[in-house]
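Below: one structure, written as structure tokens.
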Amino acid sequence: MSNTRFSTALHVLTLLAKNQEDWVSSDFIAGSICINPVMVRRELSSLNEAGLIYSRKGKDGGSKLSKKPEEISLGEVYLAVKNSEILGKKNKDTNSNCPVGSRINRKLEELSHEADRLLRQYLDKKSLAEFAKGFD
């Protein structure tokens with residue numbers, strides 16, 4: 001729950017939205033986020049796999065959005081980088097003889113799925129273009 005993948009991905013995509021005509025290098029992106037370019041390239045790979053960007057290697061390489069910022073929902077970004085439950089990890093070994101311990105993980109999973117559904121529903125209504133306007 002405390003990872004930075006969504007914020008990093010949104011930072012990357014906002015930079016690409018603001019520089020749509022240019023191939024933006026991972027070094028430039030890393031400098032804006034103040035993280036190692038290797039971490040940026042990992043996120044670029046995830047965003048590429050999700051079809052949100054395309055990248056090219058080499059001296060004149062970099063990344064660009066694969067579609068207009070108006071066509072990218074923040075929900076798509078969330079799904080591209082989501083790697084954990086929204087409410088965090090559950091306790092693995094609970095007491096199966098306890099009325100709470102025997103059912104807590106099932107109940108937490110239901111709660112987590114509903115929270116995730118609501119978050120995605122909200123994020124699907126927001127576009128990258130709307131988000132990026134906040135940096136004009």
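The values are calculated or read from the model by the stated rules, or taken from the named source; none is laboratory data. Not measured: the values here are computed from a predicted model. The area values use the complete protein model at the heavy-atom level, side chains included, leaving out ligands, DNA and RNA. Shrake-Rupley method; radii C 1.70, N 1.55, O 1.52, S 1.80 Å.
Relative to the longest principal axis of the Cα atoms of the chain, the long axis of helix 37-49 lies at roughly 80 degrees. For the chain, the tally of Lys pairs with Cα-Cα distances below 19 Å comes to 19, considering only residues 8 or more apart or on different chains.
Secondary-structure-derived ellipticity at 222 nm for the chain, considering helices only, amounts to -15500 deg cm²/dmol, per-run term -39500 (n - 2.57) for DSSP H runs with n ≥ 4. Mean-square fluctuations from a GNM of the chain, with a 10 angstrom spring cutoff on Cα atoms, peak among ARG120, ARG103, ARG41 at ARG103. Using a 1.4 Å probe on the protein chains only, how many percent of the accessible area of the chain belongs to carbon and sulfur? Carbon and sulfur atoms account for 51 percent of the accessible area of the chain. Relative to its residue count, the chain spans a Cα convex hull of 118 Å³ per residue.
Taking each residue as 0.36 nm, the span from GLN121 to ARG41 lengthens on full extension beyond its C-alpha to C-alpha distance by 26.0 nm.
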